[in-house]
């Protein structure tokens with residue numbers, strides 16, 4: 001599992017250093033390949049990053065869904081269509097493709113945030129906004145997570 005959040009910077013070529021704790025998770029899986037794709041929440045864009053084995057498991061779940069159901073087609077166009085397989089280089093970096101960097105509005109300052117079996121890559125300013133909104137909702141409504149059974 002991925003845990004925590006880490007601030008990093010993109011270099012001029014679009015490479016991002018994976019935090020050592022996240023690299024340990026990838027190494028533990030025996031495969032340092034990842035899949036990066038689009039993600040959006042409350043109209044704020046970022047990138048989802050999956051270890052290859054988790055992505056393959058996710059694809060298997062998608063295969064079980066109705067192929068021609070409109071919502072599923074839209075989801076596949078968006079989420080699967082944006083996916084790109086990448087390898088972690090010997091320096092522990094990934095090259096984020098230009099289209100994905102542009103999609104997520106990634107500039108120089110980046111935050112990598114755990115999401116259990118994957119992690120997300122946010123532009124630092126976007127992450128500050130999303131985090132502040134989540135904190136505000138949690139503070140305003142103590143039972144905010146009640147319906148989720150947490």
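The values are calculated or read from the model by the stated rules, or taken from the named source; none is laboratory data. These numbers were taken from a predicted model, which means no experiment stands behind them. Neighbour counts run over all protein chains shown; Cβ positions are idealised from the backbone, glycine included.
Just a few scattered comments:
- When the stretch 85-106 is filtered for residues that are over 25 Å from residue 59 (Cβ atoms) and in contact with a helix residue (DSSP H, G or I) (Cβ under 7 Å, 6 or more places away or on another chain), the ones remaining, listed by number, are 92, 105.
- Any hit, the stretch 29-50, residues being within 13 Å of the chain's Cα centre (by Cα), within 27 Å of residue 133 (Cβ to Cβ), part of a helix (DSSP H, G or I) and touching a residue at least 12 places away in the same chain (Cβ under 8 Å): no
- In summary, no strands (runs of 3 or more DSSP E) completely within the stretch 71-142 bear 3 or more residues that are surrounded by 13 or more Cβ atoms within 10 Å (Cβ to Cβ) and modelled with pLDDT under 95.
- Residue list for the stretch 42-56, filter: loosely packed, with under 14 Cβ neighbours inside 10 Å and touching a strand residue (DSSP E or B) at 6+ places or on another chain (Cβ under 9 Å): 56
- Condition met for residue 62 (in a helix (DSSP H, G or I) and either in contact (Cβ under 8 Å) with a residue 60 or more places away in the chain or more than 14 Å from residue 117 (Cα to Cα) (or both)): yes
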